[in-house]
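The values are calculated or read from the model by the stated rules, or taken from the named source; none is laboratory data. None of these values were measured; they are calculated from a predicted model. Methodologically, a virtual Cβ is constructed for each residue, glycine included, from the backbone with ideal geometry; neighbour enumeration extends over all protein chains shown. To get the accessible areas, we keep the full protein, side chains included, count just its heavy atoms, and leave off ligands, DNA and RNA. Shrake-Rupley method; radii C 1.70, N 1.55, O 1.52, S 1.80 Å.
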Amino acid sequence: MRYISTRGEAPALGFEDVLLTGLASDGGLYVPESLPHFSLEEIRSWRGLSYSELAFNVMHPFVDDAIPADDFRKMLDETYAGFTHQAVAPLVQLDTNEWVLELFRGPTLAFKDFALQLLGRLLDYVLEKRNQHVVIMGATSGDTGSAAIEGCRRCEHVDIFILHPHQRVSEVQRRQMTTVQGDNIHNIAVKGNFDDCQRMVKESFGDQSFLGGKTQLAAVNSINWARIMAQIVYYFQASLALGGPDRSMAFSVPTGNFGDIFAGYLAKKMGLPISQLVIATNRNDILHRFMSGNKYEQHKLEHTLSPSMDIMVSSNFERLLFDLHGRDGAAVKELLENAAKGPVSIEDYRWRHARKLFDSDAVDDKTTCDTIREIYERNEYLLDPHTAIGVRAARTCRRDPAVPMITLGTAHPAKFPDAIAESGLSVKPELPAHMADLFEREERYTVLDNDVAGVQAFIAQHWKNA
Ligand SMILES: *Cc1c(COP(=O)(O)O)cnc(C)c1O
């Protein structure tokens, strides 16, 4: 399988290189040159498979000969054995023909574990083969950092440095990162805000000379192709559990960077009958505004009760724009260069095509809380604020009550106790057993000044073979 850039200029790469590359050299994102397609008969034959067996069938065409089949199977078995539910991604019924797909049974209680638990293993496998080492550097306002750290804790050929703004992430979020033990794990609390952290990461990627040429930086952010790939699997899994592929399904997806829902779009293109995909956003609603009025325009960032969806632009949306433009990289390049300067639109017929593929809704904090409360009062089931947005949007946008509506449950409610409290419920979400002692565990992190040279010097001194 070969991968090409959405901006049409960077060289095509194989799976291994795509894994190690963040942005393409032309500023685009890598996508498969062509997608595998599965017949209904083939999908039907997957009924009853375990999650990791299904994952192998869905992902193997993307990995191709980069990893021998037996090694890839073993990797997937190990990855999903680390989840706390036997079914890995169980379904919970909310109402007639309405479901939540619980994607928060991994080590850090959010759906990002599905991809990052696998990505760590993939990276280590490829680096071992090539006898290489990488330093993963990332900035987090809370959520992705812990999933990335958990994903890399066992990697021999990876050191990971995660920057978070000192005293500006919640205690649960900080502890999820700083209590993970491992010589290759380095948490840095920067005396600044999230933007400062992000700027340092960006500058460091731009000029890696501080590493002295002995290792190189790698990114595990949401534009990494392997993350999207891993997320395609659970659309198949949920559908098969509810009578697919002989029934069509609808999915509602709490959306920030457009990675998770883009995976659903790919599942559909690969042959899974999906009749509706709902983009559910919070007040950071650039995608909802685009879907409603064909205007793609950045607004100022709003801080909401669903912080993992607080974005100004959705980086993976570029992958959809590439398809909407008939895979014309030059057109995408021009569009996004213009979008950086001000509002843009796409040709009407292209936009209409997007509207056929997706519905959308934006949900504010109050409605999020109302939804959490309503579902708890009716079902005694506690939603986290991100999932609540998905459920609300699913109900608003639903086209056909005969089609099962599945909302992706992206996080465990115990990760976001503030939103639960704000919804007026007196119930306190409990951390699951494997995390119950989180507040007693030893923390390890280093506080550094808001100064990129100091942070870079720290990294240069502390990676494994420095
Ligand atoms: C990352 C995240 C999202 C958004 O997913 P995207 O792939 O960025 O659209 C939604 N909910 C939670 C809990 C997340 O951590």
Original post:
Does anything in the stretch 44-81 have its amide N under 18 Å from the 7 Å Cα→Cβ label point of residue 132, and if so which residues?
Top reply: 63-68
Original post:
What is the Cα centroid distance between the stretch 320-337 and the stretch 243-291, reported in whole angstrom?
Top reply: 20 Å
**OP:** Place a +1 charge on the Cβ of each Lys and Arg in the chain and a -1 charge on the Cβ of each Asp and Glu, then give the dipole magnitude about the Cα centre in debye, rounded to the nearest 20.
**Re:** 540 debye
Original post:
Arranged from highest to lowest average of other beta-carbon atoms within 10 Å per residue, in what order do the peptides 129-139, 324-334 appear?
Top reply: 129-139, 324-334
**OP:** Give the calculated FRET efficiency between residue 355 and residue 298 to the nearest 0.05, with a Förster radius of 22 Å applied to their Cβ-Cβ distance.
**Re:** 0.55
Original post:
Any idea what the relative contact order of the chain is, in percent, if you count C-alpha pairs under 8 Å spaced at least 6 apart?
Top reply: 19 percent
Original post:
Is the chain best put as rounded, prolate or oblate by its Cα gyration tensor, with a ≥ b ≥ c the root eigenvalues, rounded for a/c under 1.5, and otherwise prolate when a/b is larger than b/c, oblate when not?
Top reply: rounded
**OP:** Using 0.36 nm per residue of separation minus the Cα-Cα distance, give me the extension gain between residue 50 and residue 35 in nm, one decimal.
**Re:** 3.1 nm
Original post:
If you keep only loop residues by DSSP, which GluC sites (Glu not before Pro) in the stretch 345-412 have at most 14 other Cβ atoms within 10 Å of their Cβ?
Top reply: 347, 380
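Find the accessible area per residue for the chain; the probe is 1.4 Å, ligands and nucleic acids are left out, and the unit is Å².
On the way: 18540 Å² over 466 residues.
The answer is 40 Å² per residue.
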Subject >> For peptides 263-272, 250-259, sequence by mean Cβ density within 10 Å, most packed first >> reply: 250-259, 263-272
Subject >> Mean Cβ neighbour count within 10 Å, used as a protection proxy, ranking 94-104, 11-21 highest first >> reply: 94-104, 11-21
Original post:
In the stretch 380-466, with Lys and Arg counted as +1 and Asp and Glu as -1 at Cβ, which of these residues, 401, 446, 388, has the Cα nearest the positive end of the dipole, that is, farthest along it?
Top reply: 401
Original post:
Normalised by the residues of the stretch 257-375, what does the relative contact order come to in percent, with Cα pairs under 8 Å and at least six apart?
Top reply: 37 percent
Original post:
Excluding same-chain residues fewer than 8 positions from residue 464, which lysines have a Cα within less than 19 Å of its Cα?
Top reply: 129, 214
Original post:
Between residue 465 and residue 348, what is the label-to-label distance in nm when each label sits 7 Å out along the Cα-to-Cβ direction?
Top reply: 6.0 nm
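Under the definition of Cα pairs under 8 Å and six or more residues apart, what whole-number percent is the relative contact order of the stretch 19-125?
Value for the stretch 19-125: 20 percent.
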Original post:
Once the piece of chain linking residue 26 and residue 441 is laid out straight, how much longer is it, given 0.36 nm per residue of separation minus the C-alpha distance between them?
Top reply: 145.0 nm
**OP:** Run the accessible area of the chain with a 1.4 Å probe and give the carbon-and-sulfur part as a rounded percent.
**Re:** 46 percent
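Sum up the charges of everything whose Cβ sits under 11 Å from the Cβ of residue 323, counting Lys and Arg as +1 and Asp and Glu as -1, but leave residue 323 out. If you can, show how the numbers build up before the last one.
Values: positive: 269, 319, 327, 350; negative: 318, 328.
Residues close to residue 323 contribute a combined charge of +2.
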